[in-house]
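Data block below; observations after.
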Amino acid sequence: MRNYDSILAMGLLGALSLSGAANAAAPWTEQAKMEKNAQEAQSQPRARRAARNSVAAGTLTDPVGDTLGAFTPKADATQLSATLSGGLLTIGMSFAGDITPCENGSGTVTPTQTPLGGFIDIDTDQDQTTGVQPFTDLLTSYNTGMGNEFYVDLCSYSSGDGAVDVVDDITDTVQGRAAIGFSARGFAVQIPLSLLGGDDGQADIAAVVGTLNEPTDAVPNGGSLAATAASTPAPGPTAAVNVPVLGVWGLGLLSLLAGVFGGWRLRRG
Ligand SMILES: [Ca+2]
Ligand SMILES: [Ca+2]
Ligand SMILES: [Ca+2]
C-alpha cells in the first residue's frame, strides 16, 4: 500500500477517529509516518527510485500552481533554500499564499491562511543507497533520488517553544527540537548539526507540504536541493574556468607590453 490514495483514505479515517482530540496535527502526516515505519519494518523495497539529482544552488524556485490534492485551500510552495552557517543548517520555504503553523490549524486561522503540515526530507550523506524512502517519494509521484537519514516534522510545531521535531528516519527517534520562525508566507527552521548526528551539514533536501487534509506540493518537482555554506559559496563554473584562462592571457599580454616597452626604451636610448 504505497500510493497516496490509500494513505489519504487512511488519513480521512484518522481524521474521523481523531476528531475531538486536542492535537491538531494533520492526520495524513501521522498516517504517513505509520505507513513508512510499517514498510521499513517489513524491509519492503522502495516503490520508485531515481538517480541522485541534487542542485547546489542554495535556493531553488518551485512553480506557482503546481499543487496536488483534491481540496481547497492548498499550500503552494514557491521557494526552498538551504544554507550552512555557524553549525546550523537553515532551511527556508516560501509560499504563494498566507500560511499558519499546523498547531494553529484548528479554529484560529482566518479564511486566507492555510495551516501548514508536511515533512522536510534530509539525506545527510547525499547517498540514496543509505537511509530510507523520503516522505516526498512516498506521498507524491516525484522522485527525490534521496535516501533519508533525517526529517523535520512541520506538524510537531508548538508555540510553546517555537520549535519542531528533528527525527532520525532510520531509528524513528526524535533527536531534538529545532527553532522555527514563521512569516506570513514562509518559514525558516534552524537545525543544529548535533541533531543531524554531527553531520557536516552538506545534505540533500526535499520537502512535501500540505494542509491539514492532504499533501499539496512537492519541492522540488523531482530531485533535491544541496545545502551550501553561506560564508563560502561554492565557486561557479565562471570562476573555475576563467581564472586560469585569464592568467595565461594576462601573462601573455604582460610579456607583450614588456617587449614593446623594452623596445621603446632601447630605441630612445
Ligand atoms: Ca508550488
Ligand atoms: Ca542517505
Ligand atoms: Ca512543486
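What about Asp153, is it outside any loop (DSSP other than H, G, I, E, B), touching a helix residue (DSSP H, G or I) at 6+ places or on another chain (Cβ under 9 Å), more than 12 Å from ligand 2 (Cβ to nearest atom) and modelled with pLDDT of 95 or more? Yes, satisfied. Of the conditions (1) exposed (fewer than 14 other Cβ atoms within 10 Å of the Cβ); (2) within 19 Å of the chain's Cα centre (by Cα), Arg52 clears all except one; give me its number. (1) is the only condition that Arg52 fails. Among the candidates Gly86, Gly118, the residue that is surrounded by 24 or more Cβ atoms within 10 Å (Cβ to Cβ) and either without any contact (Cβ under 8 Å) to a residue 40 or more places away in the chain or within 15 Å of ligand 1 (Cβ to nearest atom) (or both) is uniquely Gly118. Counting only residues that are under 9 Å from Asp169 (Cβ atoms) and assigned to a loop (DSSP other than H, G, I, E, B), segment 134-146 holds 1 of them. Taking segment 184-234 as the region of interest, none of the strands (runs of 3 or more DSSP E) fully inside it holds 3 or more residues being at pLDDT below 95, of a type outside the set (Lys, Arg) and on the phi < 0 side of the Ramachandran plot.
Just wondering, is there one or more residues in segment 213-220 that are free of Cβ contacts under 8 Å to residues at least 12 places away in the same chain and over 12 Å from the mean Cα position of the chain (by Cα)? The answer is no; no qualifying residue exists.
The values are calculated or read from the model by the stated rules, or taken from the named source; none is laboratory data. Because the structure is a prediction, the values reported are computed rather than measured. Note that we place each Cβ from the backbone using ideal geometry, even for glycine, and neighbour counts take in every protein chain shown.
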